[in-house]
Amino acid sequence: MSTPTLDTMASEQLDLHFAQLEDRLDQDYSEVTRARLHDLVGHERARFAGARIHAFVPILVERAVRVALTAPGRHRKD
């Protein structure tokens with residue numbers, strides 16, 4: 001069994017943060033499908049893929065997704 005590297009541990013920690021973020025968004029925006037929330041988070045997360053520092057990425061992603069969800073014409077459940 002291999003020893004986890006700092007990169008793998010950081011990536012796993014980020015994955016946990018994003019899963020928790022999706023849970024919060026699901027509670028706050030129950031009219032939006034979980035799949036749509038996942039897509040929005042993934043889209044915003046991808047914008048920061050090349051960032052050298054990832055500590056604030058979950059916060060920035062959450063803000064961007066919340067702005068998108070409160071904008072006129074946001075996507076709701078059918």
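To the nearest 20 debye, what charge dipole does the range 6-70 have about its Cα centre, counting +1 at the Cβ of each Lys and Arg and -1 at the Cβ of each Asp and Glu? Mind dumping the intermediate values first?
On the way: 8 positive and 11 negative charges, 57 e Å.
The dipole of the range 6-70 has a size of about 280 debye.
Using a basic spin-label model with each label point 7 Å from the Cα along Cα→Cβ, how many nm lie between Arg52 and Thr70?
The modelled label-to-label distance comes out at 3.2 nm.
Taking a ≥ b ≥ c as the square roots of the Cα gyration tensor eigenvalues, with a/c under 1.5 meaning rounded and otherwise prolate when a/b beats b/c, else oblate, which class fits the range 6-70? Don't jump to the answer; show the numbers that get you there.
Working: a/c = 2.36, a/b = 1.72, b/c = 1.37.
Prolate is the answer for the range 6-70, as a/c is 1.5 or above and a/b outweighs b/c.
Place +1 on the Cβ of every Lys and Arg and -1 on the Cβ of every Asp and Glu in the range 6-70, take the dipole about the Cα centre, and give the residue among Ser11, Leu25, Val67 whose Cα lies farthest towards its positive end.
Sorting the options by dipole projection puts first Val67.
Every number here is computed from the coordinates shown, using simple stated rules; none is lab data. None of the values given here were measured: they were computed from a predicted structure. Every residue, glycine among them, receives a Cβ derived from its backbone with ideal geometry; neighbour counts consider all protein chains shown.
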